[in-house]
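> The following block contains the structure, expressed as structure tokens.
The values are calculated or read from the model by the stated rules, or taken from the named source; none is laboratory data. Nothing here was measured: the structure is a model prediction, and the numbers come from that model. Backbone-built Cβ (ideal geometry, glycine too); neighbour counts: all protein chains shown.
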């Protein structure tokens, strides 16, 4: 089936639920609503699919699909966002089957990868103090990722809304930012976000350095396991994370009606 993604990694729903819940807390949407065990996330200030999607969290919840999807469509329309599902292994297979029948497209697959910090080799990590200046970090992130200026306010609000302890990391050459990462410490987990290296500075070890700094900070604050999300077809990033000891836990993908594909910020 077009919407079915083969899982090569043995699924442990308890672990997946932990990471999904941590992800919702670590990267908060502006508005959150619930329809059964579906979490509807919408964010007027930022177009990322992660912040504007339906997230089903129970493999047994697939009742009244046509009615519920139509109801969600109205909410997404009110925010000016394309109707989008984010389907992890917690989503009922019947949802994908229904979306296939309706001709929805499947967008690229992303991996959730994790690293046991109790066994990680962080001897090369620098003792880097996270930034306290959110404005400075957002400025650096826009430059490193190449985000448009219109994303500035929304990104700043998302970061400001994160409730768990958060470290903002930037590597600079002179006064120019070259790599960024956000580390969200939530109990024994540490989630990594906005990981990037400026294109002209790639393949020089900056991505690895900023990650090591974030991981050392997380470990020193009591985190036992780090995790991140990465597009499966980003071979360079996946290779770096595997070399650092990260291993795939599960994957997810997005679904959109055919007419909506390509209308929002890729992520």
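> Quick one: residue 63 ticks every box in (1) over 14 Å from residue 31 (Cβ atoms); (2) part of a helix (DSSP H, G or I) bar one, so which box is it?
For residue 63, the failing item is (2).
> Any residue at all in region 62-78 that's touching a residue at least 40 places away in the same chain (Cβ under 8 Å) and farther than 23 Å from residue 228 by Cα? Step through it out loud before you land on a result.
Just the residues of region 62-78 that are touching a residue at least 40 places away in the same chain (Cβ under 8 Å), to begin with: 75.
Those still in the list that are farther than 23 Å from residue 228 by Cα too: 75.
Yes, region 62-78 contains a residue that is touching a residue at least 40 places away in the same chain (Cβ under 8 Å) and farther than 23 Å from residue 228 by Cα.
> Within region 250-264, is even one residue over 30 Å from residue 103 (Cα atoms) and surrounded by 14 or more Cβ atoms within 10 Å (Cβ to Cβ)?
So far as region 250-264 goes, no, none of its residues is over 30 Å from residue 103 (Cα atoms) and surrounded by 14 or more Cβ atoms within 10 Å (Cβ to Cβ).
> Also: Restricting attention to region 160-184, report how many residues are buried (at least 20 other Cβ atoms within 10 Å of the Cβ) and either under 16 Å from residue 24 (Cβ atoms) or not assigned by TED's automatic domain parsing to the domain that holds residue 125 (or both).
Final tally of qualifying residues: 2.
> A further question follows. Return the residues of region 233-261 that are under 29 Å from residue 177 (Cβ atoms) and in a helix (DSSP H, G or I); say none if nothing qualifies.
Within region 233-261, 235, 236, 237, 238, 239, 240, 241, 242, 243 meet the criteria.
> Taking the condition in contact with a helix residue (DSSP H, G or I) (Cβ under 6 Å, 6 or more places away or on another chain), surrounded by 14 or more Cβ atoms within 10 Å (Cβ to Cβ) and without any contact (Cβ under 8 Å) to a residue 24 or more places away in the chain, does residue 156 pass?
So residue 156 passes the test.
> Another question, then. So which residues in region 90-123 are free of Cβ contacts under 8 Å to residues at least 60 places away in the same chain and surrounded by 16 or more Cβ atoms within 10 Å (Cβ to Cβ), if there are any at all?
Residues satisfying the conditions are 91, 92, 95, 98.
> In the set 165, 172, which member is touching a residue at least 40 places away in the same chain (Cβ under 8 Å), under 19 Å from residue 129 (Cβ atoms) and touching a strand residue (DSSP E or B) at 6+ places or on another chain (Cβ under 7 Å)? Spell out how you get there, then give the answer.
On the way: 172 fails: touching a residue at least 40 places away in the same chain (Cβ under 8 Å).
It is 165.
> Separate question: Is at least one residue of region 124-135 over 27 Å from residue 25 (Cβ atoms), in contact with a strand residue (DSSP E or B) (Cβ under 6 Å, 6 or more places away or on another chain) and surrounded by fewer than 17 Cβ atoms within 10 Å (Cβ to Cβ)?
no
> Filter region 199-232 down to the residues that are assigned to a loop (DSSP other than H, G, I, E, B) and at pLDDT below 95, then identify the one that is surrounded by the fewest Cβ atoms within 10 Å (Cβ to Cβ).
203
> Report the residue count in region 35-56 for those that are modelled with pLDDT of 95 or more, assigned to a loop (DSSP other than H, G, I, E, B) and surrounded by fewer than 19 Cβ atoms within 10 Å (Cβ to Cβ).
Qualifying residue count, region 35-56: 2.
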